[in-house]
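The structure appears below as structure tokens.
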Amino acid sequence: MFGRLTIAMRLGLGFGLLFVMLALAVALGLSRLEAVHRQIEQSVVRDWESTVLANRTIDLMNAQTRDSLLLFHALDSSELVGRIAQRVDTITGVLDELEARLRHAEARLLLTEIRNRRKAYVGSFL
């Protein structure tokens, strides 16, 4: 069958086959690009907001630690106690926001553990 084909027909079939393989490669590349886009979208939009909330909580907790150490050396501790009480409410609110954004059971368990360990600390100041 291929013996009867002229050079032009053989070149045309080869070019057509090459064109079909190129189209398949482009389609595969675009589908993989779509998957990468979804992963980046998840990291940038959804997970980024959770990371910002977690970092805000860490910053507030570090400020709490600083103020609790200053509490031992302050002459007038009422201002520090007021700031500590205000931050306790702020941290609780941020943790509530963070809990609303969590999707995985492991993350919810870790947040529950953080809340349980925090109860003793919060109870000592209020």
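The values are calculated or read from the model by the stated rules, or taken from the named source; none is laboratory data. Predicted model only: the values in this text are computed from it and were never measured. No Cβ is skipped: glycine too gets one built from the backbone with ideal geometry, and neighbour counts run over all protein chains shown.
Brief remarks on what is shown
- Number of positions in the range 82-112 that are small (Gly, Ala, Ser) and within 18 Å of Thr51 (Cβ to Cβ): 3
- Figure legend. Inter-residue proximity from the range 48-61: first residues free of Cβ contacts under 8 Å to residues at least 60 places away in the same chain, second residues small (Gly, Ala, Ser), beta-carbon distance below 9 Å, spacing 6+ or different chains. Indicated pairs: Ser50/Ala107.
- Conditions (1) surrounded by 12 or more Cβ atoms within 10 Å (Cβ to Cβ); (2) at pLDDT below 90; (3) more than 33 Å from the chain's Cα centre (by Cα): number failed by Ile7: (1)
- Residue in the range 5-15 that is out of contact with any strand residue (DSSP E or B) (no Cβ under 8 Å at 6 or more places or on another chain) and part of a loop (DSSP other than H, G, I, E, B) present: yes
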